[in-house]
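The values are calculated or read from the model by the stated rules, or taken from the named source; none is laboratory data. Because the structure is a prediction, the values reported are computed rather than measured. Cβ placement follows ideal geometry from the backbone for every residue including glycine, while neighbour counts extend to all protein chains displayed. SASA here: full protein model, heavy atoms, side chains in, ligands and nucleic acids out. Shrake-Rupley method; radii C 1.70, N 1.55, O 1.52, S 1.80 Å.
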Amino acid sequence: MEMKDRIQEKFQTLFGEAGDLYASAGRINLIGEHTDYNGGYVFPGAIDCGIIAAVKPNGTAKVKAFSLDYDEYVEFGLKEEDKPEQQWARYIFGVCRETVKRGGKVEGFNTVFAGDVPLGAGLSSSAALESTFAFALNDIFDNHIDKFDLAKIGQSTEHNYCGVKCGIMDQFASVFGKKGSLIRLNCKTLEYKYFPFNPEGYRVVLIDSCVKHELASSAYNKRRASCENAAAAIRKNHPEVEFLSDAKRVWLDEVRSEIPEEDFLRAEYVIGEVQRVLDVCDALERGDYETVGEMMYQTHFGLSKLYEVSCEELDFLNKLARKMDVTGSRVMGGGFGGCTINLVKDELYDTFVNAAVEQFTAKFGHAPKVYPVVISDGARKL
Ligand code: GLA
């Protein structure tokens, strides 16, 4: 049975009627990693796996929620002190609270939901969940909150209810995603542009190391703090620097002796990465996939050696891709495990994927997972 039919069936059993169906998506990011919270560019797109939820107001002051994937029922109120224990329910609770904080109306509702975004793979299953509910509540309670604020509701949920000081990329992609297009977002000005993405002769594939990333772990927040520290030092000489992405590389060199070397290396990566997004967009418009791929390798180098968010398994997959002449490859998302994203010529695709599975399994004792990328729509009513 299809996911949405299983959801409706359960909703019917639990609540005796049908719910309205809403969906949102996980995301990939072609390039522009750890640039969002630095006011730089990102270049994500929504993918064909996500979350579907059936939702219906229930006329009470309680949310009655069932997760099909966890086979678990939770009830919670809508006041700040009603925060539920279960992590999955906290995302929904956070979205309710953040909607209210923005002046929106949220009353009790029933919901059943399920998803097919692989968990811990760096594909933003949590953003998909947040965006589904941000979109659904906005629609159901007729709040007229604009799309950027829906994305920000998800981001603030991470900040205030889940302990991750994430940027806006995941929720943005999940709300604004459009079939067949990547979206370049300037995270400072929030200007964005859709780029049709259909690299003829190439395919994009994710290889999931199945090493679980602990995004909520302090490592992510620590990277962010390093960047803010570097930006603050540069700002003393150059007051126009609001975010690290505003800084010129030479301005970073000026403060090298004033900041911890670790912060310098993090900042060096970010300043390079912001430029690479622009270079990749230009290259795409020329159909120059070799340059796109080369930039992806440069990003991997930076994420591995300067930003230090890669790991042995991901470095192995990246190295194998290079050895096999794969056009581009890099660790994707927050890092600390998860996937590599690979731009592969059609004729090399099967050979590469088979070799990656075989050699990775031989080395690490477990098989990686393979997800062909299909760029799809973001938040919507079904
Ligand atoms: C996670 C965060 C995003 C972004 C990426 C790294 O996915 O949620 O905001 O910072 O890591 O690019």
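Odds and ends about this structure:
- With kT/(6 pi eta Rh) evaluated at 4 °C and eta = 1.567 mPa s, and Rh the Kirkwood radius from Cα pairs, the chain diffuses with a coefficient of 61 µm²/s according to Stokes-Einstein.
- Whole-Å distance, taken between Cα centres, linking the stretch 303-336 and the stretch 74-113: 37 Å
- Just checking the listed ones, 175, 277, 250: in the Gaussian network model of the chain with Cα springs under 10 Å, the one fluctuating most is 250.
- Annotation: amide H-H contacts under 5 Å for residue 328 (H modelled 1.01 Å from N, sequence separation of 5 or more, or interchain): 343.
- For the stretch 159-176, 3J(HN,Hα) computed residue by residue from phi via the Karplus equation (6.51, -1.76, 1.60; θ = phi - 60°) reads 5, 9, 10, 10, x, 10, 8, 6, x, 9, 4, 5, 5, 4, 4, 5, 8, 8 Hz, glycine and proline entered as x.
- Dipole magnitude for the chain: computed about the Cα centre from +1 point charges on Lys and Arg Cβ and -1 point charges on Asp and Glu Cβ, it is near 420 debye.
- The loop-placed chymotrypsin sites (Phe, Trp or Tyr not before Pro) in the stretch 262-307, going by DSSP, include none that has at most 12 neighbouring Cβ atoms within 10 Å of its Cβ.
- For the stretch 235-367: accessible area per residue (Å², 1.4 Å): 44 Å²
- For the listed residue pairs 152/179; 4/179; 83/178; 101/147, the alpha carbons are over 27 angstrom apart in 83/178.
- With helices as the sole contributors, the chain gives -13000 deg cm²/dmol at 222 nm; each DSSP H run of n ≥ 4 counts as -39500 (n - 2.57), and the sum is divided by every residue.
- The chain: most fluctuating residue of 325, 139, 71 per GNM, C-alpha cutoff 10 Å: 71
- When the solvent-accessible area of the stretch 3-198 is split by element, carbon and sulfur atoms take up 45 percent of it, the probe being 1.4 Å.
- Near residue 117, the amide H atoms lying under 5 Å from its own belong to 50; only residues 5 or more places off or on other chains count, and H is placed 1.01 Å from N.
- Put simply, the amide H of residue 178, placed in the peptide plane, has neighbours under 5 Å in 46, 378, leaving out anything fewer than 5 places away on its chain.
- For the stretch 3-198, a simple Cβ point-charge model (Lys and Arg +1, Asp and Glu -1, everything else neutral) yields a dipole of about 520 debye relative to the Cα centre.
- Pairwise FRET efficiency - residue 323 versus residue 275, Cβ, R0 = 41 Å, nearest 0.05: 0.95
- The residues of the stretch 3-198 expose on average 36 square angstrom of accessible surface per residue, using a 1.4 Å probe on protein heavy atoms.
- Listed residue (287, 326, 352) projecting farthest to the positive dipole end of the stretch 202-373, Cβ model: 352
- Charge dipole (debye, nearest 20) of the stretch 177-252; +1 at Cβ of Lys and Arg, -1 at Cβ of Asp and Glu: 20 debye
- Accessible-area order (highest first, 1.4 angstrom probe) of the listed residues 246, 253: 253, 246
- Theoretical gain in end-to-end length, residue 254 to residue 146 [0.36 nm per residue, Cα-Cα removed]: 34.8 nm
- Applying the Karplus relation 6.51 cos²θ - 1.76 cosθ + 1.60 with θ = phi - 60° to the stretch 25-41 yields 3J(HN,Hα) values of 10, x, 9, 10, 9, 5, 6, x, 10, 6, 9, 5, 6, 9, x, x, 9 Hz, where x marks Gly and Pro.
- In sequence order, the stretch 366-382 has phi-based couplings of 9, 7, x, 9, 10, 10, x, 8, 10, 7, 10, 7, x, 4, 6, 8, 8 Hz under the Karplus curve 6.51 cos²θ - 1.76 cosθ + 1.60, θ = phi - 60°, and Gly or Pro positions carry x.
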